[in-house]
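Every read-out reported here was derived from the displayed coordinates using simple, explicitly stated rules and does not represent laboratory data. A quick note: this is a predicted structure, and the numbers were derived from the prediction, not measured. Note that we place each Cβ from the backbone using ideal geometry, even for glycine, and neighbour counts take in every protein chain shown.
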2 protein chains.
Amino acid sequence: MGANKQLFIQIYDHIVSRMQRGEWQAHDKLPSIRQLANEFQIHRLTVFRAYQLLKQNGKAYVKEKSGYYVSPLSSEQQNDAFTVDASIFTHIHFKNDMSKIHRVPATYQFSQALIDPNLLPNLFLSDYVKKVFDIYPKMMGTYSSAQGDLELREVLCQYMMEQHPVDLDPDEVLITTGAQQAIDLLARLFIRPLDNIIVERPTYSVALDVFRAQGARFLPVDITPDGYDLQQVEHFMRESRPRFFYMNPTFHNPTGYTIPAAQRKRLVELAEQYQCLLIEDDAFHDMYFNEIPTQPIFTYDTDGWVIYLKSFSKYIAPGLRVCAVLGRRSLIDSLITLKSLADNGSPLVNQKLFLHYFKSERMQQHVDKLRTALQIRKEIMEQELAQTGWEWVSPQGGLNLWVKLPAEISVTELWDQCIRQSVSFVPGTIFDPSRELNSSIRLSYSFVNETQIKQGMRRLVDAANHIRSH
Amino acid sequence: MGANKQLFIQIYDHIVSRMQRGEWQAHDKLPSIRQLANEFQIHRLTVFRAYQLLKQNGKAYVKEKSGYYVSPLSSEQQNDAFTVDASIFTHIHFKNDMSKIHRVPATYQFSQALIDPNLLPNLFLSDYVKKVFDIYPKMMGTYSSAQGDLELREVLCQYMMEQHPVDLDPDEVLITTGAQQAIDLLARLFIRPLDNIIVERPTYSVALDVFRAQGARFLPVDITPDGYDLQQVEHFMRESRPRFFYMNPTFHNPTGYTIPAAQRKRLVELAEQYQCLLIEDDAFHDMYFNEIPTQPIFTYDTDGWVIYLKSFSKYIAPGLRVCAVLGRRSLIDSLITLKSLADNGSPLVNQKLFLHYFKSERMQQHVDKLRTALQIRKEIMEQELAQTGWEWVSPQGGLNLWVKLPAEISVTELWDQCIRQSVSFVPGTIFDPSRELNSSIRLSYSFVNETQIKQGMRRLVDAANHIRSH
């Protein structure tokens with residue numbers, strides 16, 4: 001909260017907001033440095049620095065031997081003081097860059113790492129719904145527990161134990177509204193201002209936004225087709241005592257890379273040795289093309305150092321938003337309390353609808369078909385890219401291509417050109433905690449159909465050629 | 001976030017947690033005061049005070065001319081250092097007292113301010129569902145926007161404008177997962193550690209837990225059958241510049257009181273004058289018995305100083321968890337960004353199911369029936385209480401009786417006795433920001449049926465007589 005800011009800047013902001021709210025008006029005497037230092041229980045020098053900054057910025061002036069006074073506001077500021085705006089009340093800048101990009105309208109949406117609703121089993125699901133309401137006639141009138149429906153948690157444990165060499169108890173599961181909520185709850189539980197966390201570079205940008213809002217400092221570890229630089233990871237864990245390592249090791253978003261099995265085992269050892277939690281976000285595990293991917297990092301964990309996020313939103317039922325958080329009981333208990341404050345539990349209807357579909361044979365058939373459809377779309381996009389000479393590593397699963405453009409094509413310029421052609425993509429810088437990856441872009445092949453991929457990619461390549469030729 | 005703690009105590013806690021995590025072990029040299037002051041960008045005296053406290057508490061010792069060293073841990077602490085527990089990672093104590101009470105099993109649950117699922121139109125809703133899925137065949141495969149489904153927001157605006165003298169635009173509405181999420185988002189947007197907020201005494205305890213977790217300081221204003229002490233409200237607004245006044249002015253939880261119209265108008269004037277937002281939580285407005293209650297405070301507002309929370313969870317479909325937040329566009333925009341980080345939007349299925357039911361004629365019939373059923377239950381509970389001589393003000397709506405016990409009956413003792421008799425209620429202290437209201441209890445008549453109310457109340461009164469006679 002106020003996060004990475006130095007303390008004197010927080011005090012400065014606080015004073016400015018009290019001025020803006022009209023508490024201290026033009027030519028009012030501000031409290032003495034001693035008074036404010038007492039009020040906030042901080043050192044007087046900190047207040048002094050804040051007052052110096054107020055003076056520098058023309059917000060306060062000094063009368064010799066008397067103290068600090070409020071400078072008259074500009075007329076613009078005076079107007080501000082009488083309008084209601086969240087910015088008057090808060091200095092926290094919540095932002096979500098990705099959602100800004102998604103708000104730009106486009107016919108060829110390569111920016112959406114979502115699955116085309118036409119690929120989802122909508123009709124079947126609708127038929128299914130009535131049946132589920134017959135089983136639980138009072139489900140609309142009933143709250144879920146904050147932890148989530150027990151029957152659903154049991155089914156998910158069963159599923160995990162069938163798929164992976166793990167032993168799980170329903171007490172070790174929390175149901176959240178999508179992985180987004182899981183990430184937010186974990187950030188609120190573990191991060192306090194100035195805390196270090198390890199993140200991949202690049203990584204899921206909305207997670208970065210969430211961590212930033214909690215005041216985290218990022219320790220970025222590059223992800224490559226061969227995995228992470230484990231020496232870098234160990235160095236960070238040893239030297240900077242990060243709260244956790246947030247990772248998306250299987251068909252990684254945005255790159256599509258998968259961390260090899262040998263690294264997975266080693267990461268758990270490091271986590272134990274340095275007592276650094278691993279948060280394994282595994283939204284794409286089931287979206288493989290030819291081979292089942294290597295086991296989740298969670299399955300190597302015996303001592304509870306891995307928290308596993310299994311979202312089913314993307315490829316089963318985005319309209320239901322069901323995600324499971326798996327972890328050691330004590331961690332899940334803390335998350336449950338936080339979840340009870342955050343929304344008192346995800347809606348029961350969604351959990352019951354999901355549960356019954358998830359158990360059905362039809363579900364498996366759907367996922368099989370979906371894999372094929374995604375692979376075809378990926379291949380079409382790659383065919384269109386083949387002529388460009390741009391670089392990418394062909395992913396073995398997931399929803400995205402991570403493409404490096406040649407130096408002479410500016411991503412910003414390409415974005416401007418493409419939007420005019422009704423084509424959208426996501427510029428790579430958004431995924432970068434240090435905002436430096438400025439020659440890569442993410443192209444999602446999951447949201448638009450084959451024809452649209454062909455047409456949209458041609459427009460995109462034309463736009464790039466247009467830039468190159470100028 | 002460490003919240004109300006002094007800065008040097010936050011530093012102290014930080015160092016202790018690094019010791020606990022094994023980063024600094026017995027007889028390790030701690031960083032110099034200068035180093036830590038640089039690392040946190042705070043004054044050296046603050047670090048010095050933290051180190052002094054470590055010494056006092058036996059966590060560090062001093063070597064002359066060398067510095068501070070870690071004291072050997074007790075064996076108990078050593079064990080702690082090797083178990084995974086959220087408490088190792090965080091000092092924030094998230095808690096939810098109400099949910100603890102609800103976890104105590106009881107046949108006669110007077111602790112639940114929820115509506116008996118048998119009073120909700122479950123069968124009708126189930127039939128309805130299939131129809132809604134026919135209208136939106138792809139609803140399971142589609143995400144909602146973070147703000148909420150536009151069609152639902154339009155319908156809710158329409159409804160509000162039919163019911164009340166207000167003018168509303170769908171842009172001024174945000175859909176959340178129940179009022180609980182709305183309260184949490186507002187707390188995250190507006191409260192930073194040490195901020196003052198006005199709260200009613202008593203008030204909804206889970207809101208207090210949310211505000212506490214954000215580090216708020218409470219300015220409590222008593223609520224009585226005549227309303228608030230407006231001089232007290234004005235005094236707080238003038239002297240302590242609270243971020244907002246969180247209120248539940250209609251069939252207030254837990255007391256059932258309603259703030260009179262004259263005070264409503266005046267509260268908006270005060271809000272404007274002192275630029276203090278009013279957060280009007282209005283979950284029980286439609287749960288009146290004989291007369292439609294006075295207009296919401298929101299309807300007196302012209303300049304955007306009131307944020308209105310309209311939850312439909314309680315009396316329509318708890319399994320769907322639909323709540324609307326109404327407010328000035330700029331505030332709603334900030335909330336949308338925060339909502340996009342928190343869970344990227346409430347599930348679409350719930351919004352569409354709710355929307356169609358809400359528009360139906362059947363909905364109005366349901367609410368009429370529900371009012372009658374609740375009134376009957378309230379009257380039965382009051383009949384059982386009549387013989388006791390205990391004090392309460394008969395509410396004209398809502399779900400609860402707020403009962404003052406005579407001095408000779410200890411609430412704690414009554415709770416112990418009642419739980420043995422499988423009767424639960426909520427002790428009044430839980431609703432009190434200052435934890436002093438220790439002779440009142442909340443009895444909800446909404447969750448158990450008529451027969452259970454009679455039986456349970458007899459057990460409760462017997463338990464009280466038993467205490468009195470000892």
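Which aspartates and glutamates does A:Lys369 reach when only Cα atoms under 14 Å apart count, and residues fewer than 8 places away in its own chain are ignored? By straight Cα distance, A:Lys369 reaches A:Asp116, A:Asp286, A:Glu361.
Model label points for A:Val62 and B:Arg329, set 7 angstrom from Cα along the Cα-to-Cβ axis, are 4.4 nm apart. The angle between the Cα long axis of helix B:348-359 and the main principal axis of chain B comes to about 30°, on a 0 to 90 degree scale.
For the stretch B:445-470 and the stretch B:92-164, what is the separation of their C-alpha centers, rounded to whole Å? Rounded to whole Å, the Cα centres lie 31 Å apart. Put the Cα centre of the stretch B:293-354 next to the Cα centre of the stretch B:360-429 and the gap is 28 Å. Which value in nm describes the separation of the simple spin-label points at A:Lys29 and B:Gln364, placed 7 Å from the Cα toward the beta carbon? With each label placed 7 Å out from Cα toward Cβ, I get 6.4 nm.
Using R0 = 25 Å, the C-beta based FRET efficiency linking A:Leu45 and B:Glu39 works out to 0.90.
If you wrap a convex hull around the alpha carbons of the protein assembly as shown, what volume per residue comes out, as a whole number of Å³?
It comes to 189 Å³ per residue, whole-number rounded.
In nanometres and ascending order, the distances from the A:Thr412 label point to those of the other copies are 6.6 (point 7 Å from Cα along Cα→Cβ). Label-point distances for A:Asp171 to the equivalent site in the other copies, using a point 7 angstrom along Cα→C-beta, read 5.2 nm when ranked shortest first.
A crude spin-label estimate for the pair A:Ser240 and B:Lys404, with each label 7 Å from Cα along the Cβ direction, gives 5.9 nm. Counting only other chain Cβ atoms within 10 Å of each residue's Cβ, the peptide A:271-278 averages 3. Taking the C-alpha atoms only, the angle from helix A:450-468 to the longest principal axis of chain A is near 50 degrees. Once the Cα atoms are used to define both axes, helix A:230-240 deviates from the longest principal axis of chain A by about 30 degrees.
Applying 1/(1 + (r/R0)^6) with r as the Cβ-Cβ distance of A:Gln163 and B:Ser394 and R0 = 45 angstrom yields a FRET efficiency of 0.20.
Return the average number of partner chain Cβ atoms within 10 angstrom of each residue Cβ along peptide A:176-187.
4
Restricting the calculation to alpha carbons of the stretch B:122-361 gives Rg and Dmax of 17.9, 57 angstrom. Tell me whether the stretch B:218-352 comes out rounded, prolate or oblate; compute the Cα gyration tensor, take square roots of the eigenvalues as a ≥ b ≥ c, and use a/c under 1.5 as the rounded threshold. Because a/c hits 1.5 or more and a/b fails to exceed b/c, the stretch B:218-352 counts as oblate.
The mean number of Cβ atoms from other chains found within 10 Å of a Cβ in peptide A:329-341 is 6, as a whole number. Name the residues of the stretch A:445-459 whose amide N is less than 19 Å from a point 7 angstrom out from the Cα of A:Gln387 along the C-beta direction? Under cut-off, by backbone N: A:450-459. Under 5 Å from the amide H of A:Phe251 lie the amide H atoms of A:Thr258, A:Ile259, each residue being 5 or more positions distant or on a separate chain, with H modelled from the backbone and absent for Pro and chain starts. Per residue of the protein assembly as shown, the DSSP helices (runs of n ≥ 4 H) give a summed -39500 (n - 2.57) that works out to -13500 deg cm²/dmol at 222 nm. Over 18 Å apart at the Cα level, from the set B:Lys130/B:Lys359; A:Lys138/A:Lys359; A:Lys138/A:Lys352; A:Lys138/B:Lys454; B:Lys29/B:Lys63; A:Lys130/B:Lys138, are A:Lys138/A:Lys359; A:Lys138/B:Lys454.
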